[in-house]
Amino acid sequence: MNRNDVVLNRLVTILGDFNSPTNFGNDFSKETSIFGQKINLWNPSSLMGGRAGLLLLFTHPEFPIDVDLNEQLLDLLNHISLSNGLSLFDGLIGDSLALDSVKRDDLDNVKSQLMQAEIQNMEFMLDVSKNEAFDFAYGVVGIGMYVLSKLDHVEDNENTQKLVDLLANMQNYLIEKFPAQKNNSQKIKKWSFSRFQTEPIDIDFSMSHGLAGVLTFLADSTMKLGHRDEVDSVICSLLSFFNDMSYIQDGIECWPQSIGQKEFVRNDSWCYGTPGIEIARIKANLVLGNSKDARSSLTNLKNTIEHPQGLDNAMICHGYAGLKVIADVINNISSFEFISTNEVVSNINNFYSYDIDIGYLNPKISEDGQVTQTADFGMLTGIAGIAYALLPYKTTNFEYALGINMNNYEMLISQIIKNK
């Protein structure tokens, strides 16, 4: 058995042993440690770091053990609340994305009720004057990616037209927030991405909290709704802005973490780095018919993943597992290993420690800048996501939660790869 199999089997065993809410403790969020390690705050209804994320892992077609989903579902449903907000990573939308992965007739009524509540509350998010949260993790873009997942995979029903209308209104929100112009930083320099945030921060280029997420959603929604001149103009404007703000380091095209950043440091993560940004640029260029630029971004993505820099952990959000899941999606389209994952998988395995009961610890930076190592079972920030990345590839709706859903681009990307 190779090291990769050893690591995956160990993670599966750990997650299987602790899949039950009674094992975790229903009040797990108040626990301070497990296996002698401090735990990142556990939010039972969180897609990022809680029960919803585990549900996505346990319903993966290649997850190798049978998990009793009744306890999982009961725990999640007991914690679902509008008071958690609508966000994709920590709110109601993320919970619904996870529930959609469970194909059970007895959940249909629950899913329908959630959909009605979400539709009623989404309109509030679409008033720029009342809501600054546009981003992937906590704002309009992430909610829009969920709507796209519904429209891509659910047959016509009573909500279809409502969802189509919401998608168009989300485009309108982003058009107003990012009007077409060469330098978007002249329009908006600071923003608030989370209901927990006390001070606005500099706008950035990232997939998780910045302009790459906006670009991804506008491209995907255009593929679904068709072209609108005003949306195409914003896509073109954002692409131009990315072109103007990039720099080259070690042969890789990169971007600063924020518009005001003067010191460039490569961070090749899904959330803030080149991989997430290039996914957005590939999609946007394909939507506009710029196959040459899409090919250039695909090549840069390949080179980045094969020779990554600036990563200090194995997780999906800002570690090596995020690069693995991106490469898997592209390689599935190409039908061969177009992007080599040897170095990425090697780094994931190298971060594994036999001396740590759960195999991995997650570096967490406190408000005073101190770095502590914490245990994390989460999908984006912990061992559930690492296990997901190491499983044999199958398409899941978790790809919408990362903006790497490529079902509407497969033919175009395949042609680019074949013509290289």
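If you put +1 on each Lys and Arg Cβ and -1 on each Asp and Glu Cβ, how big is the dipole of the chain around its Cα centre, in Debye rounded to 20?
Working: 31 positive and 52 negative charges, 193 e Å.
Roughly 920 debye for the chain.
What is the packing order of peptides 82-95, 267-280, taking the mean over residues of other C-beta atoms within 10 Å and listing the highest first?
Details: 82-95: 23.5, 267-280: 26.9.
Highest-to-lowest ranking by the protection proxy: 267-280, 82-95.
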Per-residue ellipticity at 222 nm for the chain, helices alone: DSSP H runs ≥ 4 residues times -39500 (n - 2.57), over residue total, nearest 500 deg cm²/dmol?
-> -15000 deg cm²/dmol
Which order do peptides 389-396, 116-123, 141-148 fall in by mean Cβ count within 10 Å, highest first?
-> 141-148, 389-396, 116-123
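Rounded to the nearest 20 debye, what is the charge dipole size of segment 196-334 about its Cα centre when +1 sits on each Lys and Arg Cβ and -1 on each Asp and Glu Cβ?
Numbers: 10 positive and 17 negative charges, 83 e Å.
Roughly 400 debye, rounded to the nearest 20.
Give me the 1.4 Å probe accessible area per residue for the chain, excluding ligands and nucleic acids, in Å². Walk me through the numbers on the way to the answer.
Working: 17160 Å² over 420 residues.
Accessible area per residue: 41 Å².
So how much slack lies between Leu82 and Ser414, counting 0.36 nm per residue of separation and subtracting their Cα-Cα distance, in nm?
Numbers: separation 332, 0.36 × 332 = 119.52 nm, distance 4.11 nm.
Full extension from Leu82 to Ser414 adds 115.4 nm.
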Would you give the gap between the C-alpha center of segment 92-143 and the C-alpha center of segment 401-420, rounded to a whole Å?
-> 26 Å
Residues whose built amide H sits under 5 Å from the amide H of Thr374, excluding neighbours closer than 5 in sequence, are Asn362, Lys364
Got a number for carbon plus sulfur as a percent of the chain's accessible area, 1.4 Å probe?
-> 47 percent
In a Gaussian network model over the chain where Cα atoms closer than 10 Å are linked, find which of His318, His307, His60 has the largest mean-square fluctuation.
-> His307
Post the alpha-carbon centroid distance, segment 204-270 to segment 371-388, in whole angstrom.
-> 27 Å
Among the listed pairs Lys162/Lys292; Lys103/Lys162; Lys292/Lys324; Lys162/Lys364; Lys224/Lys418, give every one whose C-alpha distance is greater than 31 Å.
-> Lys162/Lys292; Lys162/Lys364
Contour minus Cα-Cα distance for Ile356 and Asn121 (0.36 nm per residue) = 80.3 nm
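Looking at the chain, send over the antiparallel percent of its DSSP beta bridges, to the nearest 5.
Numbers: 12 of 13 bridges.
Taking every DSSP beta bridge within the chain, about 90 percent pair in antiparallel fashion.
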Full extension from Leu107 to Thr372: what is 0.36 nm times the residue separation minus their Cα-Cα distance, to one decimal in nm?
-> 91.4 nm
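For the peptides 352-358, 133-139, what is the packing order when you average, over each peptide's residues, the other Cβ atoms within 10 Å and list the highest mean first? Could the numbers behind the result be given before it?
On the way: 352-358: 13.4, 133-139: 26.9.
Result, highest mean first: 133-139, 352-358.
The values are calculated or read from the model by the stated rules, or taken from the named source; none is laboratory data. Please read these numbers as outputs of a predicted model, since none were measured by experiment. All Cβ positions, glycine included, derive from the backbone under ideal geometry; neighbour counts span all protein chains shown. These accessible areas exclude ligands, DNA and RNA; they are computed on the full protein's heavy atoms, side chains included. Shrake-Rupley method; radii C 1.70, N 1.55, O 1.52, S 1.80 Å.
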